[in-house]
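So the structure is just underneath, and the comments pick up after that.
The values are calculated or read from the model by the stated rules, or taken from the named source; none is laboratory data. The model shown is predicted, which means the values in this text are computed figures rather than measured ones. We place every Cβ from the backbone using ideal geometry, glycine too, and count neighbours over all the protein chains shown. These area figures cover heavy atoms from the full protein model, side chains too; ligands, DNA and RNA do not enter into them. Shrake-Rupley method; radii C 1.70, N 1.55, O 1.52, S 1.80 Å.
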Amino acid sequence: MSARAGLKAGQAGQAGQVVERLEIQKAWLVDPVAGREGPGEIVVSDGVLESVVWLEGDEAGGVDDRGVVVAPGLLEMHAHFREPGFEDAETVATGCAAAAHGGYTTAAVMPNTQPALDEPGILERVRAAAAASGSPVEVLAYGAVSLDRAGEQLSAMGELADAGVVGYSDDGACVRTPRLLRSALLYAGMLGLPIVDHCEDAELTAGAEANEGYVASVLGLAGWPAAAEVNAVSRDIAVLADALRDEPRARLHLTHLSTAAALDAVRRARAAGLPVTCDVTPHHLAFTDEWIAGSRRWSWEALAADGLSGDPWVDGALTAAPYDTSLRVNPPLRTPADAAACLAAVLDGTAGAVVTDHAPHTAVDKEVEFGRAINGISGIETALGILLSFVDAGKLPLARAVAALTTGPAGIMAGWSRVAGTAAARPRGLTEGAAADLVVFDRADSWQVTADSLLSKGKNTPLLGRSLPGRVLFTVAGGRLAYQDPSPDQA
Amino acid sequence: MSAQAGAGAAQAARKDAAPTQDVAWHHRHVLDVDVLTWPEIELIMRTAEEMGGILARPIRKVPALNGRRVTTLFYEASTRTRVSFETAARNLSADVVSIATATSSVTKGESLVDTIRTLEALGAEILIMRHSVSGAPYLAAQVFSGHVLNGGDGWHAHPTQALLDLYTMRQHVPGGDLRGRKVVIVGDVLHSRVARSNIWSLTAAGADLWLCGPATLLRGLDRWAAAWEGGKVPGHGRFHVTSDVAAAIRDADVVMALRIQRERMQSGLLPSLREYAARFGINAERVSRARPEAIVMHPGPMNEGVEIAPDVAASGRSVVTEQVSNGVAIRMALLYLLAGSHDGTVPGAAR
């Protein structure tokens, strides 16, 4: 209770409506733009962040970063809201509700819908659905790189740019050929937009089921080699270096990298000055392939002091049934050492953002044999809780966790000239006088991940039944209430 | 040396175990041998011996599972395993329903979960399942209220095969004790559920296990072997992975060949069957490097002339047909144990 004692939120209002008044007293403020965190108070009035007060000395007494935290609204660079085409798995409306529950105020959705978002008409449908939802969560969209994502011809890139996409991706698959990638980087670069690539050498992953290694070997699952990701990353970087000679505005963003070697390749390319950025996901940070065998310990708990992976068959980590299809994801969950490399990449800035790759699926697509289950984890509501678990374990400073979900992705998008200067790439700080765009969560309170508590239609997460730290109390997007915790003890 | 260390670990684990007489069966399903303790494996062996006694009689039938409903659900073509299970079930007087997916509504797109719920509604109590996807029986076990017996899943597990292999080896090794005995499995280990289940049971038995084959067909197994280096998994010894067939077979007590499938050439894992036979085939010359009393095994069906030479398959060392008949005894034992909580004594089996 004490953690919430400072909330005066009775007048926050109805979801979707402008927040008339919201006062958060004696909380922990995190402003990654100012590079500042500490005790403070905020007041939102008529949708505007009216005041941000940093408390000093006695006033700050008893406030620490273990209670209520106020941070800028989170920015999701990679989500699947499934509309149009797969509305049984998710809609723009349910995706926005889930995003708000996760603390997000902006979400960029991937174009692998049915039909694919390869021309402006589909973007209009997505926008219309977002408007109709009444959610204040801002929905951005990527266009497809290739027509129908078929990897043959370019999509309607220029028209899509005019209509407002923030980049191009054939996510779900790698841009199919290096030749197409080169054209796409040049053409998108000319338009001031990036190619966001899903790095997978499909030839090496044909039939693959789980990360190639000890766990897949014991479970008899077809190996998904790290080389498949490293190959694609190397190809993309080489093609980018080449394209830059003709089009200096070419930009490459590599999404959901999962292996130590691929992250090293990006680290080297960035050190050489290439305009390549990348992100990692909460599930590749926190879960490992041993979860498929039935382990449920966090990635850092699976690493022994000597840096070597523990053995779940030896150390009693196998607590759940094996072959849980909620763990089938592309790229696959990797080893504890790879997860540690993902964390190191977040800490050293190689991975500028943490994105959820929110991939909701129906029970019909997941309640099948492991090797036949569709890939993806529903993750937009659990990302903050997963990162806060890292914070609780002392693996990630709170301010870094917040930055990876706010200024990190915003900074990457600000590097795309057509997006820079738009609202999408705005700095995400706690700025007085601006429209309130923030999340309030309570690190002292946890919440149970259940089919009921998740607002996404996709219940496909291995965290079902588990509790996560950092209950989101409010999400305010663009001055409007996006989410308010419904629990009865709400102040 | 290290192999003995591994056997020692298995032995040490065994010492702590309760005397086998006191072991009661408590598993609801048999999905793999990995969760079986050594005393439980010995209980299965003992129960299978009693079943072997029944099989030696003129009338091979006891009423132990009278009226119990056993369903075989095979998503993959298999004659010998399915017939072996059905024979075992009928020997115990169970009612057997046999479903082959080619003739079922599975071809109309019914999901595994729906199929299993349907079979349960039709009264199935024990489900024997064969499936091409690793882990499928674990999904079945989650939705089925009865017992699931894994008849082979993907590359993952084939517990009844591993248990009948162990049973057959014990009949041939002096004293029935595999500790320190060298067992070599040669062939397509990567795609073999037989090999994977045998890793668990033979390292539990304390055997000096060697897996051998071309590097393309051992992928990932080296990482498993490395993880078990030093026999650190409780109750299991270490094992060896090698492409050196001469070293693997030298002084072996048991040589087991695995089936090589033609599609391995199409997928670029092997140059040719001819080359495989020349470099890895179990022929008379290679077997002569094993111990004089060594036995030759094969889970079947055999490609004679590829992974095993016809003269070896037909020789006195070959115990392939014993494996088949022992398979019925093992499957009777497991059905019997699954059908109730038993100590391995089969009523009506006393001689």
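So which of A:Ala410, A:Ala404 ends up being part of a helix (DSSP H, G or I) and touching a Leu at 6+ places or on another chain (Cβ under 6 Å)? So that I can check it myself, show each step before the final result.
Details: A:Ala404 fails: touching a Leu at 6+ places or on another chain (Cβ under 6 Å).
Result of the check over A:Ala410, A:Ala404: A:Ala410.
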query: Looking at A:Ala340, A:Ala320, which one is open to solvent by less than 50 Å² (accessible area, probe 1.4 Å) and not in a loop (DSSP other than H, G, I, E, B)?
result: A:Ala340
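For residues that are of a type outside the set (Ser, Thr, Tyr) and either in contact with a Lys or Arg (Cβ under 6 Å, 6 or more places away or on another chain) or part of a strand (DSSP E or B) (or both), tally how many sit in the stretch A:455-479.
Applying the first criterion (of a type outside the set (Ser, Thr, Tyr)) to the stretch A:455-479 yields A:455, A:457-460, A:462-466, A:468-474, A:476-479.
From what is left, the residues that are either in contact with a Lys or Arg (Cβ under 6 Å, 6 or more places away or on another chain) or part of a strand (DSSP E or B) (or both) are A:460, A:468-474, A:476-477.
Here the count works out to 10.
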Index of the failed condition, B:Tyr167 passing every other in (1) within 12 Å of the chain's Cα centre (by Cα); (2) under 16 Å from B:Gly300 (Cα atoms); (3) more than 14 Å from every other protein chain (Cβ to nearest Cβ): (2)
- prompt: Is there a residue being surrounded by fewer than 19 Cβ atoms within 10 Å (Cβ to Cβ), in a loop (DSSP other than H, G, I, E, B), of a type in the set (A, V, I, L, M) and within 14 Å of chain B (Cβ to nearest Cβ) anywhere in the stretch A:361-383?
  reply: yes
- request: Would you please name the residue that is farthest from B:Arg80 (Cα to Cα), looking only at residues in the stretch B:164-203 that are of a type in the set (Val, Ile, Thr) and touching a Cys at 6+ places or on another chain (Cβ under 9 Å)?
  value: B:Val184
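Could you tell me which residue of the stretch B:253-297 is nearest to the chain's Cα centre (by Cα), considering only residues that are among the β-branched types (Val, Ile, Thr) and outside any strand (DSSP E or B)?
Start the filter on the stretch B:253-297 by keeping residues that are among the β-branched types (Val, Ile, Thr), which leaves B:254-255, B:260, B:282, B:287, B:295-296.
Next, only the ones that are outside any strand (DSSP E or B) stay: B:260, B:287.
Numbers: B:Ile260: 17, B:Val287: 22 Å.
Across the stretch B:253-297, the extreme among qualifying residues is B:Ile260.
Scan the helices (runs of 4 or more DSSP H) fully inside the stretch B:88-187 and keep the ones with 2 or more residues being of a type in the set (Ser, Thr, Tyr).
Details: elements: B:112-121, B:136-143, B:159-172.
Those helices (runs of 4 or more DSSP H) span B:112-121, B:159-172.
Name the one entry in A:Asp246, A:Asp236, A:Asp201, A:Asp242 that is under 23 Å from the mean Cα position of the chain (by Cα), away from every other protein chain (no Cβ under 14 Å) and surrounded by fewer than 21 Cβ atoms within 10 Å (Cβ to Cβ).
Details: A:Asp246 fails: under 23 Å from the mean Cα position of the chain (by Cα); A:Asp236 fails: surrounded by fewer than 21 Cβ atoms within 10 Å (Cβ to Cβ); A:Asp242 fails: under 23 Å from the mean Cα position of the chain (by Cα).
Sole residue among the options that is under 23 Å from the mean Cα position of the chain (by Cα), away from every other protein chain (no Cβ under 14 Å) and surrounded by fewer than 21 Cβ atoms within 10 Å (Cβ to Cβ): A:Asp201.
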- prompt: In the stretch B:170-200, which residues are of a type in the set (D, E, K, R) and within 13 Å of another protein chain (Cβ to nearest Cβ)?
  reply: B:Asp188, B:Arg193, B:Arg196
task: Could you list, in sequence order, all residues of the stretch B:130-164 that are farther than 17 Å from A:Pro322 by Cα and either open to solvent by less than 10 Å² (accessible area, probe 1.4 Å) or more than 14 Å from every other protein chain (Cβ to nearest Cβ) (or both)?
output: B:Ser145, B:Gly146, B:His147, B:Gly151, B:Thr160, B:Ala162, B:Leu163, B:Leu164
Checklist (1) within 23 Å of A:Ala89 (Cβ to Cβ); (2) open to solvent by 10 Å² or more (accessible area, probe 1.4 Å); (3) in a strand (DSSP E or B); (4) not small (Gly, Ala, Ser) applied to A:Asp452, failing item: (3)
All positions within the stretch B:237-252 that are open to solvent by 10 Å² or more (accessible area, probe 1.4 Å) and part of a loop (DSSP other than H, G, I, E, B): B:Arg238, B:Ser243, B:Asp244, B:Arg250, B:Asp251
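Please report, ordered by residue number, the strands (runs of 3 or more DSSP E) entirely within the stretch A:40-133 with at least 1 residues that are among the aliphatic types (A, V, I, L, M) and closer than 26 Å to A:Asp279 by Cβ.
Numbers: elements: A:48-54, A:68-72, A:74-79, A:104-109.
In the stretch A:40-133, the matching strands (runs of 3 or more DSSP E) lie at A:68-72, A:74-79, A:104-109.
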- line: When (1) within 12 Å of chain A (Cβ to nearest Cβ); (2) open to solvent by less than 10 Å² (accessible area, probe 1.4 Å); (3) not in a loop (DSSP other than H, G, I, E, B) are applied to B:Val233, the one that fails is (3)
message: Condition first: within 28 Å of A:Asp242 (Cα to Cα), touching a Phe, Trp or Tyr at 6+ places or on another chain (Cβ under 9 Å) and assigned to a helix (DSSP H, G or I). Can you find one or more residues in the stretch A:166-185 that meet it?
response: yes
Those residues of the stretch B:90-129 which are surrounded by fewer than 22 Cβ atoms within 10 Å (Cβ to Cβ), polar (S, T, N, Q) and modelled with pLDDT of 90 or more, in sequence order: B:Ser93, B:Ser98, B:Ser111, B:Thr115, B:Thr118
message: On the basis of being more than 22 Å from B:Arg289 (Cα to Cα), at pLDDT below 95 and not hydrophobic (A, V, I, L, M, F, W, C), does B:Arg223 make the cut?
response: yes
Answer residue from the stretch B:337-351, given it is farther than 15 Å from B:Ile59 by Cα and open to solvent by less than 10 Å² (accessible area, probe 1.4 Å) and is modelled with the lowest pLDDT among those: B:Gly344
query: Going by the structure shown, is A:Asp357 open to solvent by 10 Å² or more (accessible area, probe 1.4 Å) and out of contact with any helix residue (DSSP H, G or I) (no Cβ under 6 Å at 6 or more places or on another chain)?
result: yes
